[in-house]
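Shown next, in structure tokens, is the structure this report addresses.
Every number in this text was worked out from the coordinates using simple rules, so none of it is lab data. From a predicted model like this one, the values you see are computed outputs, not experimental measurements. Neighbour counts run over all protein chains shown; Cβ positions are idealised from the backbone, glycine included.
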Amino acid sequence: PPVSLCPGINFASLSQAGFLLEDVANWLQYWRNRFQSGIIESCGHVAVRDFINLQSFYSIRSLVLVQELISPILPTLSPEQFFHQVQSAHPAVAVFDCDGTLWAGDAGSDFMRWSMDSGLLSREACDWMDARYRAYLRGEVSELAICGEMVQIYRDLREAELRRATHTFFERTVRARIFPEMLELCHQLQAQGVTLWAVSSTNNWLIEDGVKDFGIPAERVLAARVRVTNGLITEELLDVPTDEGKAQSLARAGIEHPDAVFGNSIHDAAMLAIAKHPFAVNPSAALGARAVAEGWPVFQPKLAHA
């Protein structure tokens with residue numbers, strides 16, 4: 001948006017810090033989904049995406065800066081209140097979304113871009129995926145379709161190679177964005193014998209690697225996945241848990257009404273709705289509005305670097 005519409009933001013300083021103007025605009029809209037302030041109230045509509053730079057330094061820098069600039073608009077639980085409410089629910093089964101809930105940002109789309117930059121994908125595949133993702137941002141491709149295609153794009157690669165790549169990516173880019181309070185909560189629940197599940201529309205290789213430290217084993221990960229035959233990745237989709245599909249994936253696993261569910265986006269709403277105790281964590285604007293309407297508790301975790 002024009003600088004004049006956002007007088008409280010020093011675009012020149014942000015640009016010098018390593019951000020393109022387009023990135024800053026998308027960054028403001030991304031965080032506007034979580035916060036409100038007069039300095040960005042009239043910024044206008046920008047396609048919502050998580051622009052977060054692939055380098056952890058810029059990821060943390062951007063997330064911390066915006067938390068310092070903008071104040072929360074939703075009534076949120078303090079960490080003490082949040083932990084107390086979860087513990088008071090005495091859950092036997094707890095279900096977690098991952099991107100935006102256990103860690104900041106969209107690791108799935110970030111990994112796609114990292115795959116392009118690192119040479120993991122061919123130029124032809126990169127061009128096709130880039131065009132599809134831009135169409136998704138314009139609203140021309142559905143959430144379900146893009147999530148599936150972001151897994152299918154790795155067809156004909158060896159699964160072992162993908163697992164090495166996702167591990168490298170997570171360690172370099174996502175680990176620094178883990179919410180410490182969510183990590184602590186998972187460890188507490190695990191110690192109490194609670195069965196933890198992860199449900200995500202991001203590819204299963206990345207999610208399985210990322211949630212190990214949270215005490216969630218691969219067999220309790222429901223994520224976007226394709227069939228693997230003789231070690232090779234195919235394009236045959238097996239599951240894409242998003243929107244109502246998240247609740248359906250849980251039902252197929254025998255979990256129709258989990259005791260506690262934690263999610264951050266409107267694509268988690270169906271899963272939250274079937275929970276005995278739903279918690280909106282780091283909610284987007286749409287989920288925040290739904291949480292207020294439903295009376296769901298809201299918690300805004302902080303990054304360790306904040």
Taking amide H positions as placed 1.01 Å from N in the peptide plane, with prolines and chain starts having none, which residues 5 or more places from F299, or on another chain, fall under 5 Å of its amide H?
L77, A280, V281, N282
Output ordering of 155-161, 165-171 (per-residue mean of other Cβ within 10 Å, highest first) is 165-171, 155-161
Output ³J(HN,Hα) for region 208-223: one whole-Hz value per residue in order, computed from phi by the Karplus curve 6.51 cos²θ - 1.76 cosθ + 1.60 with θ = phi - 60°, and x for Gly and Pro.
4, 5, x, 8, 4, 5, 8, x, 10, x, 4, 6, 10, 10, 10, 9
For K212, go through the aspartates and glutamates and keep the ones whose alpha-carbon is under 19 Å away, minus same-chain ones fewer than eight residues off.
D97, D99, D106, E159, E161, E171, E181, E184
Where a ≥ b ≥ c are root eigenvalues of the Cα gyration tensor, a/c under 1.5 meaning rounded, otherwise prolate if a/b exceeds b/c and oblate otherwise, region 156-262 counts as oblate
Taking a crude spin-label model, label points 7 Å out from Cα along the C-beta direction, the A293 to E256 distance in nm is 2.6
What order, most packed first, do the peptides 98-110, 205-217, 184-196 have when packing is the mean number of other Cβ atoms within 10 Å of each residue?
98-110, 205-217, 184-196
How do the peptides 224-232, 274-282 rank, highest first, by the average count of neighbouring beta carbon atoms within 10 Å per residue?
274-282, 224-232
Rounded, prolate or oblate: which one fits region 92-165, using the alpha carbon gyration tensor with axes a ≥ b ≥ c (rounded when a/c is under 1.5, else prolate when a/b beats b/c, else oblate)?
oblate
The set of residues whose placed amide H lies less than 5 Å from the amide H of H277, leaving out same-chain residues fewer than 5 positions away, is A260, V261
Under a 5 Å amide H to amide H cut-off, with H placed in plane at 1.01 Å, what residues pair with S200 once short-range neighbours are removed?
L222, A223, A224
Which FRET efficiency value, to the nearest 0.05, do you get for E124 and T229 by plugging their Cβ-Cβ distance into 1/(1 + (r/R0)^6) with R0 = 25 Å?
0.65
For the pair R175 and R134, the simple spin-label estimate (label points 7 Å beyond Cα toward Cβ) gives in nm 3.5
The ³J(HN,Hα) series, computed from each phi in region 268-283 with the Karplus coefficients 6.51, -1.76 and 1.60 at θ = phi - 60°, rounded to the nearest Hz and given as x for glycine or proline, is 9, 4, 5, 5, 5, 5, 8, 7, 5, 9, x, 10, 8, 10, 6, x
Here the FRET efficiency for S142 versus L238, based on Cβ atoms and R0 = 22 Å and rounded to 0.05, is 0.75
Subtract the Cα-Cα distance of Q190 and H84 from 0.36 nm times their separation in residues, and report this length gain in nm to one decimal.
36.6 nm
